[in-house]
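For reference, the structure is listed below as structure tokens.
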Amino acid sequence: MKGSQDAALKLRLKQMIVKEADKRVAPESIGDDDGLFGPFTSLGLDSIDGLQISMALQYQFNVRITDSKELVRVMRSINTLADYLQPA
């Protein structure tokens with residue numbers, strides 16, 4: 001199953017992002033296609049948040065993303081991140 005179709009995976013990712021970025025929002029309130037990085041997004045993640053989340057991805061999913069531009073591309077939304085982790 002493709003990651004963007006896996007509701008359990010997407011909820012797990014939302015919970016991880018909220019925890020790692022220390023945001024005070026309900027994970028369920030994050031839309032699957034909402035932008036994650038930048039000041040005009042619902043979470044407003046920045047590069048420090050990205051680093052923390054990338055470390056959590058490495059620990060929890062054994063995925064290492066070292067290029068910051070790739071991380072921002074992969075984490076454009078919950079759906080893009082889920083598809084990256086679970087392509088098919």
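The values are calculated or read from the model by the stated rules, or taken from the named source; none is laboratory data. This is a predicted model, so every value here is computed, not measured. For neighbour counting, all protein chains shown are included, and Cβ atoms are generated from backbone atoms with ideal geometry for every residue, glycine included. Protein only, heavy atoms only, side chains kept; ligands, DNA and RNA dropped before computing areas. Shrake-Rupley method; radii C 1.70, N 1.55, O 1.52, S 1.80 Å.
Would you mind stating whether R76 is open to solvent by 80 Å² or more (accessible area, probe 1.4 Å) and touching a Phe, Trp or Tyr at 6+ places or on another chain (Cβ under 8 Å)?
Taking the combined requirement at face value, the residue satisfies it.
Could you look through segment 17-30, keep only residues that are of a type in the set (A, V, I, L, M, F, W, C) and closer than 19 Å to I48 by Cα, and pick out the one that is farthest from the chain's Cα centre (by Cα)? Among those that are of a type in the set (A, V, I, L, M, F, W, C) and closer than 19 Å to I48 by Cα, it is V25. Set side by side, the residues G38, G31 differ, and just one is modelled with pLDDT under 95 and open to solvent by less than 70 Å² (accessible area, probe 1.4 Å), which is G38. Pairs are defined by a Cβ separation below 9 Å, a sequence spacing of at least 6 or placement on different chains, a first member in segment 70-88 that is of a type in the set (G, A, S), and a second member that is open to solvent by 40 Å² or more (accessible area, probe 1.4 Å); the pairs so defined are S77/D32; S77/D33; S77/D34; A82/K2; A82/Q5; A82/D32; A88/M1; A88/K2.
Go through the residues of segment 24-36 one by one and say whether even a single one is free of Cβ contacts under 8 Å to residues at least 24 places away in the same chain, among the charged types (D, E, K, R) and touching a strand residue (DSSP E or B) at 6+ places or on another chain (Cβ under 8 Å). Scanning segment 24-36 turns up no residue that is free of Cβ contacts under 8 Å to residues at least 24 places away in the same chain, among the charged types (D, E, K, R) and touching a strand residue (DSSP E or B) at 6+ places or on another chain (Cβ under 8 Å). Here D46 does not fit the description of being loosely packed, with under 13 Cβ neighbours inside 10 Å, of a type outside the set (A, V, I, L, M) and closer than 23 Å to K2 by Cβ.
Can you name the residue in segment 1-16 that is free of Cβ contacts under 8 Å to residues at least 60 places away in the same chain and open to solvent by 70 Å² or more (accessible area, probe 1.4 Å) and, of all such residues, is nearest to L51 (Cα to Cα)?
Result: Q15.
For segment 52-64, the condition of being touching a strand residue (DSSP E or B) at 6+ places or on another chain (Cβ under 9 Å) and at pLDDT 90 or above holds for at least one residue.
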